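The values are calculated or read from the model by the stated rules, or taken from the named source; none is laboratory data. Quantities reported herein were computed from a predicted structural model and do not represent experimental measurements. Because the Cβ atoms are built from the backbone with ideal geometry, glycine has one as well, and the counts that use them run over all protein chains shown.
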Amino acid sequence: MSRPIRIAVLASGRGSNLQSIISSIEDRRLNAVIGLVLSNKEDAFALKRAGTNKIPNLFLDPKKYSKREEYDLALAQKIKQQGADLVVLAGWMRILCQTFLDHFPDKVINIHPSLLPAFPGQNAQKQAFEYGVKYTGCTVHFVDSRMDTGPIIAQQIIPILPDDTLEGLTDRILIEEHLLYPRVIQFFSEQRIVIEGRKVRIE
Ligand code: GRF
């Protein structure tokens with residue numbers, strides 16, 4: 001087997017996607033090493049999950065930086081120190097500036113709880129539910145300096161049922177996120193992701 005892909009995970013909240021990545025590595029469904037978990041929130045449960053699993057983790061306080069670029073540069077430096085083949089956003093609630101992205105070209109990915117380009121931004125599940133679409137889902141995409149607009153790598157469709165509740169739908173989307181994200185990271189590990197302009201091919 002080839003060497004495991006080394007990833008850095010950026011998370012602002014509860015970290016259930018981080019947990020799914022940790023569990024997939026443990027179950028050997030994902031050939032990866034998490035070198036670092038970073039958060040912009042001191043109380044992010046994602047940091048606790050990392051600690052419990054003996055993964056290096058760090059709270060980087062945005063208040064200590066006067067400009068967004070300076071903060072993002074500090075983030076990039078921390079990630080570079082640990083070395084990462086891929087930067088994985090898992091509930092990261094800040095837009096990353098181009099300076100950060102330039103350090104990791106085609107190496108920053110995100111998961112979003114809708115079928116992009118529909119319903120970008122916050123509360124995507126609620127947006128889809130209230131709009132009345134019959135299908136929504138989740139999307140893994142490359143990150144660019146705008147919100148949820150980068151090239152799409154993979155999507156999972158989830159139907160919205162006639163008697164659905166927002167809570168039920170949100171739970172079902174999350175279950176699919178936990179399956180899709182580790183699978184896509186494994187494709188990176190196997191070097192099967194090819195990006196051509198806006199189009200992404202999985203070989
Ligand atoms: C997920 O719904 C993900 O799609 C979105 O933020 C949420 C993060 O959840 N980007 P968690 O922190 O991984 O539990």
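Does at least one position in the stretch 85-108 carry a residue that is within 16 Å of the ligand (Cβ to nearest atom) and on the phi > 0 side of the Ramachandran plot?
yes
Mind checking whether some residue in the stretch 176-191 is in a loop (DSSP other than H, G, I, E, B) and either modelled with pLDDT of 95 or more or farther than 25 Å from Gln82 by Cα (or both)?
Among the residues of the stretch 176-191, at least one is in a loop (DSSP other than H, G, I, E, B) and either modelled with pLDDT of 95 or more or farther than 25 Å from Gln82 by Cα (or both), which makes the answer yes.
Say we look at the stretch 3-25 and pick out the residues that are at pLDDT 95 or above and assigned to a loop (DSSP other than H, G, I, E, B); which of these is farthest from Lys107 (Cα to Cα)?
Arg14
For every residue, the table says whether it meets (1) of a type in the set (D, E, K, R); (2) within 13 Å of the ligand (Cβ to nearest atom).
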site: Ser23; (1), (2): no, yes
site: Asn31; (1), (2): no, no
site: Ala44; (1), (2): no, yes
site: Lys48; (1), (2): yes, yes
site: Thr52; (1), (2): no, no
site: Asn57; (1), (2): no, no
site: Lys63; (1), (2): yes, no
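Would you pick out the residues in the stretch 87-121 that are under 19 Å from Gln155 (Cβ atoms), of a type outside the set (S, T, N, Q) and in a loop (DSSP other than H, G, I, E, B)?
Ala90, Gly91, Asp106, Pro113, Leu115, Leu116, Pro117, Ala118, Phe119, Pro120, Gly121
Could you check how many residues of the stretch 26-61 are surrounded by 20 or more Cβ atoms within 10 Å (Cβ to Cβ) and not in a loop (DSSP other than H, G, I, E, B)?
Residues meeting the conditions: 11.
Is it the case that Gln156 is modelled with pLDDT of 95 or more, within 13 Å of the ligand (Cβ to nearest atom), part of a helix (DSSP H, G or I) and not acidic (Asp, Glu)?
no
Among the residues of the stretch 122-153, which ones are of a type in the set (Gly, Ala, Ser), assigned to a loop (DSSP other than H, G, I, E, B) and surrounded by 14 or more Cβ atoms within 10 Å (Cβ to Cβ)?
Residues satisfying the conditions are Ser145, Gly150.
Give the residue, chosen from Asp164, Asp144, that is acidic (Asp, Glu), more than 15 Å from the ligand (Cβ to nearest atom) and within 30 Å of Arg6 (Cβ to Cβ).
Matching residue, one of Asp164, Asp144: Asp144.
Quick check on the stretch 170-183. Is at least one of its residues more than 16 Å from the ligand (Cβ to nearest atom), surrounded by 14 or more Cβ atoms within 10 Å (Cβ to Cβ) and touching a residue at least 12 places away in the same chain (Cβ under 8 Å)?
No, the stretch 170-183 contains no residue that is more than 16 Å from the ligand (Cβ to nearest atom), surrounded by 14 or more Cβ atoms within 10 Å (Cβ to Cβ) and touching a residue at least 12 places away in the same chain (Cβ under 8 Å).
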